[in-house]
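I have placed the structure first, in the form of structure tokens, so that the comments after it can refer back to it.
The values are calculated or read from the model by the stated rules, or taken from the named source; none is laboratory data. Note that the coordinates shown come from a computational prediction; the quantities given were computed from them, not determined experimentally. With ideal geometry, Cβ positions are generated from the backbone for all residues, glycine too; neighbour counts draw on all protein chains shown. To get the accessible areas, we keep the full protein, side chains included, count just its heavy atoms, and leave off ligands, DNA and RNA. Shrake-Rupley method; radii C 1.70, N 1.55, O 1.52, S 1.80 Å.
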2 protein chains.
Amino acid sequence: MNQHRFLRRTAPLFFTNIRLASQALAYDNFGDPVAVLKKVSIQNERVIKNGHIMVKYLASPINPADINSIQGVYPVKPSSFPAIAGNEGVAEVVRIGSNVKHVQIGDKIIPAVKASGTWTTNAILSEKDVTVIDKNVDDLFAAQLSVNPSTAYRMLKDFHKFESGESLIQNGGNSAVGLFVIQLARLWGIKTINVVRERPNLDELRDHLKSLGADYVVTEEELRKREIMEQILAEIPKPKLALNCVGGQNATDCMRYLADNGTMVTYGGMSRKPVVIPTGLLIFKDQKYVGYWMTRWSQQNFNSTQRMKMIEELCQLRIENKLQLPKMEIIKLDDWKDAMENMSKGFTNAKYVFKFD
Amino acid sequence: MNQHRFLRRTAPLFFTNIRLASQALAYDNFGDPVAVLKKVSIQNERVIKNGHIMVKYLASPINPADINSIQGVYPVKPSSFPAIAGNEGVAEVVRIGSNVKHVQIGDKIIPAVKASGTWTTNAILSEKDVTVIDKNVDDLFAAQLSVNPSTAYRMLKDFHKFESGESLIQNGGNSAVGLFVIQLARLWGIKTINVVRERPNLDELRDHLKSLGADYVVTEEELRKREIMEQILAEIPKPKLALNCVGGQNATDCMRYLADNGTMVTYGGMSRKPVVIPTGLLIFKDQKYVGYWMTRWSQQNFNSTQRMKMIEELCQLRIENKLQLPKMEIIKLDDWKDAMENMSKGFTNAKYVFKFD
């Protein structure tokens, strides 16, 4: 009997006791990030359970959806409080528990986007919730791989089987996703019409997008001028796909140039206005209007060969220097408040990324 | 040489000369039906070419789309003027040309919906453009079979694979298509929530729709009352399909009760307002918004087994008295002007059908 108890106490044969010391941004309840986030130091004895790993984060971006998660207005929510914020990042594996099969110490991994908390220096994760990626990929790209480049990739693959020379139209051409759409479309022989907002440095932006591979860059105003669009559509076929992250009038303007049987995929709503479809486009032009949410796709296809192929292909393109990053601003965990304030105000010129070291 | 010419002149061996005497409603140019339609008598020597047949129309309905065709604002247009109006009807075959393979004298046929002109007592058609139907089907049902019952049938079959007990929501519950949706859904074990406009004789309409098989009948105002809809959705699952022939606010109200992954099919726009979709329904609820146009489907699937199966199944249901007709008003060709005037004013209480005899 005593011996039996002893054996049960020694169950940690299957576990690994470690000291987890981390710095993190955590919150106790939903609200404005500036008000509810706190930088915390975590120092405690933890057990690495069967199938779990300990990682050291290398870099974690701040996505707009992370802010919405903290506000409690995003469908991805932490399962309990206190919670560590952040949904995306890249980490190095520093310890592994028993029965870990697919991950090794020293591996570079990206976690599943599901409120596991990535704005932290260290974390313990189940190996089921991570994907090992190519070590040669730089941390800045790897940190944002799960969301923006993946969204662009899937939207180009899953809604229309493009043949070379066909075209797409997208608004938010200068958004983080939009920049990857431009680059992947160029690599895959798809022509792009990219709609951007009127702005003071328009020529500079046009040059930048064209240098990435944009075929046409038009402002929202130009999109509404028939003669400008007719000239473009004399050179390329009507778009079979429209990618919409804006909504409102601009989305409707894009629809009018969409081909018969074409599909508009909505993946954002920056104008905070709905998608308005004239009835005739649905009935007589047989256009389809659908939505895309990367988080759902990744959850449903986490270990699929389709997802592994995508991650490998994107990493390879980055290693070959065929994918440029959006403008990044690298910050330390201590700089979080300024970043949150700037993002809450709406428009920021660069994507913030926490780098840990 | 002379002999050769003679042979060419006797080519009518392969044709059949007949005297076509018909009364028809024709027009010379697009415009308001009351202004441009004329009743004409056609008396001429005609040849029934290879593969063609002569038919005597039994009944032809007036569909709203016929009015739009005459106005020139509908995608189905006559190929030349003068043109005979009307797009749908049922006829009896009275003569056949040579090399007619699938049609016999005495057959009951329905023509393809493509501006062939059905508001006429007689016509010559290619056998390729007609479908032979069961002689036992009554003329009033047969005359409208190609459009309204077929639209209801396809929308229930082609956008969601219903399991028994699942549900749909439709606006225009009292429209001609709506009534067939209610009846087919009941036959196939699909629960229906039917939205109608507020009106003086609401209780009578509710009773009528329920007698046809409607599970729930709600007014546009009731649709916006959370407690009413919550009570309904406590009894049946959320609709997987929404059928929209109204657009505007009412379509958006319907969307809010559509299940995740559900589809809204737009087949009309009676409010003349667009379809307005809150972005979150597309992205997070993964709802799909598409259109349906019976005319296109029929053209693309004219001789398909799928279409033949549908026509046979609908005819059989009618013969077994399982499909009731919408309220009809039977008129003679000479009554056309009153009918056009009433339809131009918008709301009519019954569907007009020309009967010829």
Query - Chain B Cβ-axis minimum, rotational copy A, residue and distance in Å - result: B:TYR289, 2
Query raised in the report: What is the spin-label model distance, in nm, from A:ASN136 to B:ASN321 if the labels are put 7 Å beyond Cα along the C-beta direction?
Result: 7.9
Query raised in the report: Rg (Å, one decimal) plus Dmax (Å, integer) for the alpha carbons of region A:148-295?
Result: 13.8, 40
Query raised in the report: Which net charge results for the neighbourhood of A:THR192, defined as the other residues with beta-carbon distances under 11 angstrom from its beta-carbon, given Lys and Arg at +1 and Asp and Glu at -1?
Result: +1
Report summary line: Expressed as a whole-number percentage, the relative contact order of chain B with C-alpha contacts under 8 angstrom and at least six residues apart is 15
Query raised in the report: Chains A and B: buried accessible surface, both sides, probe 1.4 Å, rounded to 100 Å²?
Result: 2000
Query - Charge dipole (region A:148-295, unit charges on Cβ, about Cα centre) - positive-most of A:ALA214, A:GLN170, A:TYR292 - result: A:TYR292
Query raised in the report: Taking the Cβ of A:PRO64 as the center, what net charge do the other residues with Cβ under 12 Å away carry, scoring Lys and Arg +1 and Asp and Glu -1?
Result: -1
Requested in this report: Provide the gained length on full extension for the span B:LYS332 to B:VAL34, in nm with one decimal, where the gain is 0.36 nm per separating residue minus the Cα-Cα distance.
Outcome: 105.7 nm
Report summary line: Reduced to Cα centres, the span from region A:316-357 to region A:246-300 in Å works out to 28
Query - Nearest-first distances (nm) between copies at A:GLU320, label 7 Å from Cα via Cβ - result: 6.0
Report summary line: With the dipole of the protein assembly as shown defined by +1 on each Lys or Arg Cβ and -1 on each Asp or Glu Cβ, the option from A:LEU233, B:GLN23, B:ILE133 whose Cα lies farthest towards the positive pole is B:ILE133
Query raised in the report: Which angle between 0 and 90 degrees, to the nearest 10, do you get for helix B:176-187 versus the longest principal axis of chain B when only C-alpha atoms count?
Result: 70
Requested in this report: Quick one: net charge around A:LYS285, please, counting Lys, Arg +1 and Asp, Glu -1 for every other residue with C-beta under 14 Å from its C-beta.
Outcome: +3
**Report entry** Cα centre as origin, Lys/Arg/Asp/Glu Cβ charges: region A:252-342 dipole, Debye
**Finding:** 280
Query raised in the report: What is the Cα centroid distance between region A:25-93 and region A:127-154, reported in whole angstrom?
Result: 18
Report task. Please express the Cα-Cα pair-distance distribution P(r) of chain A as a list of whole percents, one per 20 Å bin, running from 0 to the bin with the greatest distance. Result -> 28, 53, 17, 3, 0
Report task. Have a look at the DSSP beta bridges in chain A and tell me what percent are antiparallel, nearest 5. Result -> 60
Query raised in the report: Rounded to a whole number, what % of the accessible area of chain B do carbon and sulfur atoms account for, probe 1.4 Å?
Result: 49
Query raised in the report: Charges only on Cβ, +1 for Lys and Arg, -1 for Asp and Glu: so what's the dipole of chain B about the Cα centre, in debye to the nearest 20?
Result: 1320
Query raised in the report: Put a point 7 Å out from Cα along the line to Cβ at A:ARG19; what are the distances to that point in the other copies, in nm, shortest first?
Result: 11.4
Query - Set of aspartates and glutamates with alpha-carbon distance to A:LYS345 below 17 Å, sequence-local pairs under 8 removed - result: A:ASP32, A:ASP66, A:GLU329, A:ASP335
Query raised in the report: Taking N as the number of residues in region A:99-160, what is its alpha-carbon radius of gyration divided by 2.2 N^0.38 Å?
Result: 1.26
Report task. Please work out how much accessible surface B:LYS101 shows to a 1.4 Å probe, ignoring ligands, DNA and RNA, in Å² rounded to 10. Result -> 150
Query raised in the report: Under a plain spin-label model, where a point goes 7 Å from the Cα along Cα-to-Cβ, how far apart in nm are A:ASP207 and A:SER126?
Result: 5.2
Report summary line: As a Kirkwood estimate from alpha-carbon pairs, region A:124-203 has a hydrodynamic radius in angstrom of 14.6
Query - For A:288-297, mean number of other protein chain Cβ atoms within 10 Å - result: 5
Requested in this report: Give the Cα extents of the protein assembly as shown along the principal axes, in whole Å, largest first.
Outcome: 104, 69, 47
Requested in this report: For the protein assembly as shown, give the share of DSSP beta bridges that are antiparallel, in percent and rounded to the nearest 5; count only bridges with both residues there.
Outcome: 60
Query raised in the report: Cross-link list A:LYS285/B:LYS39; B:LYS210/B:LYS351; A:LYS288/B:LYS210; A:LYS191/B:LYS161; A:LYS49/B:LYS285; B:LYS101/B:LYS309: which exceed 24 angstrom alpha carbon to alpha carbon?
Result: A:LYS285/B:LYS39; A:LYS288/B:LYS210; A:LYS191/B:LYS161; A:LYS49/B:LYS285
Report summary line: If labels are modelled 7 Å from Cα along the Cβ direction, A:VAL34 lies from its partners in the other copies at nm distances, smallest first, of 6.5
Query raised in the report: On average, how much accessible surface per residue is there in region A:269-324, in Å², for a 1.4 Å probe, leaving out ligands, DNA and RNA?
Result: 49
Report task. Could you size up the charge dipole of the protein assembly as shown around its Cα centre, putting +1 on the beta carbon of Lys and Arg and -1 on that of Asp and Glu, and report it in debye to the nearest 20? Result -> 1220
Requested in this report: Pick out, from A:ILE67, A:ALA142, A:GLY97, the residue whose Cα sits farthest towards the positive end of the charge dipole of chain A, with +1 on the Cβ of Lys and Arg and -1 on the Cβ of Asp and Glu.
Outcome: A:GLY97
